[in-house]
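What follows is a single structure, written as structure tokens, with notes after it.
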Amino acid sequence: MPLARCLWAILSVRAKQTLGSGGMNHPRVGIIGSGFMAAVHAAAWGATQAEFSALLTRSDRSVVGDLDMFLADRYTDLRGFLKAIDIVDICAPTHLHAEFARAAAAAGKPTICEKPLVLSSVEGKALIDVFEAADIPLFVAHVLRFGAPYSTLRAAVTAGCVGVPAVLRLSRLSFAPKRNAGSWFADPAKSGGIEFDLMIHDLDYARWVAGDVVSVYSKSARSGHGHAIIILTHESGAVSHIEGSWANPAPVFRELAEITGSDGVIGFCSDDTSALTVRLHRGDADSTTGLGDIALAANPFEVELRHFLDVLDGTAELLVTSEDALEAVRLAEAARESSRTGLPVQLERPKSI
Amino acid sequence: MSRIGLLGTADPSAETYMRALRCAGADVVGLFDGDVERGAQVGRLNGVRVLPTAESLLDEVDAVLICAETLHHRGMVELACAAGSAILCGGLLGVSVADSKFIVDLCRQQGVALMPAFPLRFDPAAQRIRDLVAIGDLGVVCALSGVNRSVMPHRSPMAGLVDRPQPEGDTMIDQVVHLADAYSWILRADPEEVYAVGNQIVHPEVTGLKTSGLVIVSYPDGVFGSIDCSFNRPAAYPARSGWALSVVGDGGTADAEPLKQHLTQFGAMRVSWVPWRADAHVLMMREFLACVSEKRPPCVTDGDGVRATRVALGARQSLGSGVPVSLSVR
């Protein structure tokens, strides 16, 4: 059994074991999309009280891979799909997010959308206005905020353990996700390239820790698989060095975060934080996308999905607001513009949305 | 045994340089510092004789190490050239490109060897990275990133950097030269443009000195390299200073971080690193001493010094203006 499939199986078994005994309700979740993130979300839903009950794909013949094992009903008709569920989980290719999100809002369904929300801040603003006007919850799944090292790091900094943040160094160094040549992912107009797809995690995180950004300067490699460095200047005066890479051979996936403040330094490097190391003579190299070491601390995808259920229950406030998601889009957009023009991009204060 | 003198002690690396010179087999004859009090203290702490004038020191030595404030480099170089003494120069060459070129031209006219002090080049990990690039194992290089950070050079008596900020501004930016030199050395390319941001959130008590800085240098064909040149390591950091650099190419990536070569010592109150890495400072001094005794030009050239100085000066300018500064040589 390939490693990835094995992982889903373990997660779903564990999920059934830990399912609450008759929670208040068991909302039905419909996932849109059949790619890598859809499978990750499907497994994570298993650990919640919600039920992944419907899957929307482009056609009956869409290859759904590991999603088969979850036994969700298959739909190809959006309207029928929306009627059959309580929560929409958009894991479709990025360039299709807005279209599906609008349909979900029109149907009055609380919506989770994979990051990035969209690929343009104008489109993003219009989209979150739709959700706001309809008073429908929208949660953009910036999963980094739910990962144990990152949430712990932010909590420590917020608690003042290094004083006032001065420099944030955030790196996400991976291999290029393996996709077919014709895949949406290979087309920056559809995926947004490395700034939108990979670095938006750390752009959002930098802003979560050090606040709004006034200036963005970025350089993106012209050759190779993808590599960029973005420098942010925050309103507070703090500066961030954000590095994203698809230039490594598989299965490299490294996360580095270091925050220097007026009173000290705190951070981690994923090279040193693996709680379990396995070395097999028989290798399984079937991973197509770097995901990091998610299973041994609380799985951040499970945490984020449970969080949204808590928000819908009224027991939690959204940790990633629509405005946060829109700001992350603005930062990635500014980075791409800066890479193109060679000049820093000054950001205006977000108009009170 | 080569006799070496020290002109000025403002450079935070001055003590490291002196120790490395001795390890490399030199006789550190004495020092002169325009700041008499500081010079006396450094002399006492390091067991070095203090001479009353630069000229009297130059009478006794084969070569000098210039660790004065950058502003005084030119004057020191003029004296060393007059005495025919080879020069190892720390930090930036001059306070401007014109000043740096004057220094280079003068040394060339006088036939005096001028070697910029870039110890990073002598580190085995850095050399391995350069070899990997040269033989093509990393493919076409598209990006570099690096840090060269230290604790605030608060220590007495070398407080010149902190208590009396130099007229040319942010001395933190001086740390840029080492990685700027390394990047051009690895890429075999000249820098085209530089952008820098910074703040003074760490050590706000020091007047008018930025203590954290991030720099991006651009090279031909869209290649870029970032440099973190901050003075922001906390006092309890297990190393006073250190550098690391990464190279990204379409053939793979490589990281060099000599600081990793340490033992970890856990005490009652703090964690310390006990280094066992090859000492690049000593290796650099061996090259300098060999140049002096063999009367040959150094492998790190005066032109390398001007090039790195140009990046640091551009970074300082960008720090003030908020826009990238062109470094193209017209």
*Solvent-accessible surface (1.4 angstrom probe) belonging to B:THR264, in square angstrom, nearest 10*: 70
*asked:* Between region A:241-256 and region B:214-276, what is the separation of their alpha carbon centroids in Å?
replied: 17
_Shape call, chain A: gyration tensor on alpha carbons, a/c limit 1.5_ = rounded
*In nm, to one decimal, how far is the B:ASP221 label point from the A:ALA156 one, both placed 7 Å along Cα→Cβ?*
4.1
*Rank these by accessible area, largest first, 1.4 Å probe: A:THR94, B:THR301, A:THR277.*
A:THR277, B:THR301, A:THR94
_With the crude spin-label approximation of a point 7 Å out along Cα→Cβ, what separation in nm comes out for A:ALA148 versus A:ALA316?_
1.6
*Using just the helices of chain A, give the 222 nm mean residue ellipticity in deg cm²/dmol: DSSP H runs with n ≥ 4 each add -39,500 (n - 2.57), and the total is spread over all residues, rounded to 500.*
-10500 deg cm²/dmol
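Taking square-rooted eigenvalues a ≥ b ≥ c of the alpha carbon gyration tensor, is chain B rounded, prolate or oblate, where a/c under 1.5 means rounded and, failing that, a/b exceeding b/c means prolate?
rounded
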*Take the Cα atoms of region B:1-51, build their convex hull, and give its volume per residue in Å³.*
63
*Other chains' Cβ within 10 Å of A:216-228 residues: what's the mean?*
6
*Helix A:200-210 sits at what angle to the longest principal axis of chain A, using alpha carbons and giving 0 to 90 degrees rounded to 10?*
60
*asked:* Taking 22 Å as R0, compute the FRET efficiency from the Cβ-Cβ separation of A:GLN346 and A:VAL122 and round it to 0.05.
replied: 0.80
*C-alpha long axis of helix A:322-341 to longest principal axis of chain A, angle in °*: 50
*Which angle from 0 to 90°, rounded to the nearest 10, does the C-alpha axis of helix A:3-18 make with the longest principal axis of chain A?*
70
*asked:* Using a 1.4 angstrom probe on the protein heavy atoms only, could you order A:HIS227, A:HIS307 from most to least accessible area?
replied: A:HIS307, A:HIS227
*DSSP loop chymotrypsin sites (Phe, Trp or Tyr not before Pro) in region B:183-280 with at most 15 other Cβ atoms within 10 Å of their Cβ, which ones?*
B:TRP276
*To the nearest 100 Å², how much accessible surface do chains A and B hide from each other in total, with a 1.4 Å probe?*
2700
*Which residues' amide hydrogens lie under 5 Å from the amide hydrogen of B:GLY8, considering only partners 5 or more residues apart or on another chain, with H built in the peptide plane?*
B:PHE32, B:ASP33, B:GLY34, B:CYS67
*Calculated on alpha-carbon atoms, Rg and Dmax of the protein assembly as shown in Å*: 28.4, 94
*Which residues does a label at B:GLU257 reach in region A:206-246, if reach means a backbone N under 18 Å from a point 7 Å past the Cα toward the Cβ?*
A:241-246
*Among A:SER151, A:SER270, A:SER183, which one shows the biggest mean-square fluctuation in a GNM of chain A, springs joining Cα atoms closer than 10 Å?*
A:SER183
*asked:* Taking 0.36 nm per residue of sequence separation and subtracting the Cα-Cα distance, how much length would be gained by fully extending the chain between A:LYS83 and A:VAL130, in nm to one decimal?
replied: 15.0 nm
*Where B:THR211, A:THR273 fall by accessible area, highest first, once all protein chains stay in place (1.4 Å)*: A:THR273, B:THR211
*Cα centroid distance between region A:75-110 and region A:188-218, in Å?*
25
*asked:* Over 23 Å between Cα atoms: which of A:LYS219/B:LYS101; A:LYS178/B:LYS260; A:LYS125/A:LYS178; A:LYS125/A:LYS190 fall into that group?
replied: A:LYS219/B:LYS101; A:LYS178/B:LYS260; A:LYS125/A:LYS178
*What nm distance separates the two modelled labels at A:ASP187 and B:ASP105, each placed 7 Å from Cα along Cα→Cβ?*
5.9
*Using r as the Cβ-Cβ distance of A:LEU71 and A:ARG279, and R0 as 30 Å, what FRET efficiency do you calculate, to the nearest 0.05?*
0.30
*the protein assembly as shown - share of DSSP beta bridges that are antiparallel (%, nearest 5)*: 55
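How well do other chains shield peptide B:193-204, expressed as the mean number of their Cβ atoms within 10 Å of each residue Cβ?
Working: counts 1, 0, 7, 3, 12, 5, 10, 3, 12, 12, 2, 4.
Counting other chains' Cβ atoms within 10 Å and averaging over B:193-204 gives 6.
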_With a 10 Å cut-off between alpha carbons and a GNM built on chain A, which of A:SER223, A:SER339, A:SER62 moves the most?_
A:SER223
_Helix-only CD estimate at 222 nm, as mean residue ellipticity for chain B, using -39500 (n - 2.57) per DSSP H run (n ≥ 4)_ = -10500 deg cm²/dmol
*Assuming R0 = 51 Å, what is the FRET efficiency of B:ALA40 and A:ASP272, from their Cβ-Cβ distance, to the nearest 0.05?*
0.65
_Per-residue average of Cβ from other chains inside 10 Å of B:229-239_ = 3
*Treating cross-link reach as a plain straight distance, find the aspartates and glutamates whose alpha-carbon is under 15 Å from the alpha-carbon of B:LYS210, omitting any fewer than eight places away in the same chain.*
B:ASP163, B:GLU168, B:ASP170, B:ASP174, B:ASP228
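Could you compute how fast region A:34-185 diffuses translationally, taking Rh as the Kirkwood radius over C-alpha pairs and applying Stokes-Einstein at 37 °C with viscosity 0.692 mPa s? Give it in µm² per second.
Translational diffusion coefficient: 187 µm²/s.
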*Could you check which residue among A:ARG61, A:ARG282, A:ARG254 shows the biggest mean-square fluctuation in a GNM of chain A with a 10 Å Cα cutoff?*
A:ARG282
*Take every Cα pair under 8 Å in chain A that's 6+ residues apart, average their separations, divide by the length, and report that relative contact order as a whole percent.*
19
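The values are calculated or read from the model by the stated rules, or taken from the named source; none is laboratory data. Because the structure is a prediction, the values reported are computed rather than measured. All Cβ positions, even for glycine, are placed from backbone atoms using ideal geometry, and neighbour counts span all protein chains on display. Only protein heavy atoms, including side chains, enter the accessible area calculation; ligands, DNA and RNA are left aside. Shrake-Rupley method; radii C 1.70, N 1.55, O 1.52, S 1.80 Å.
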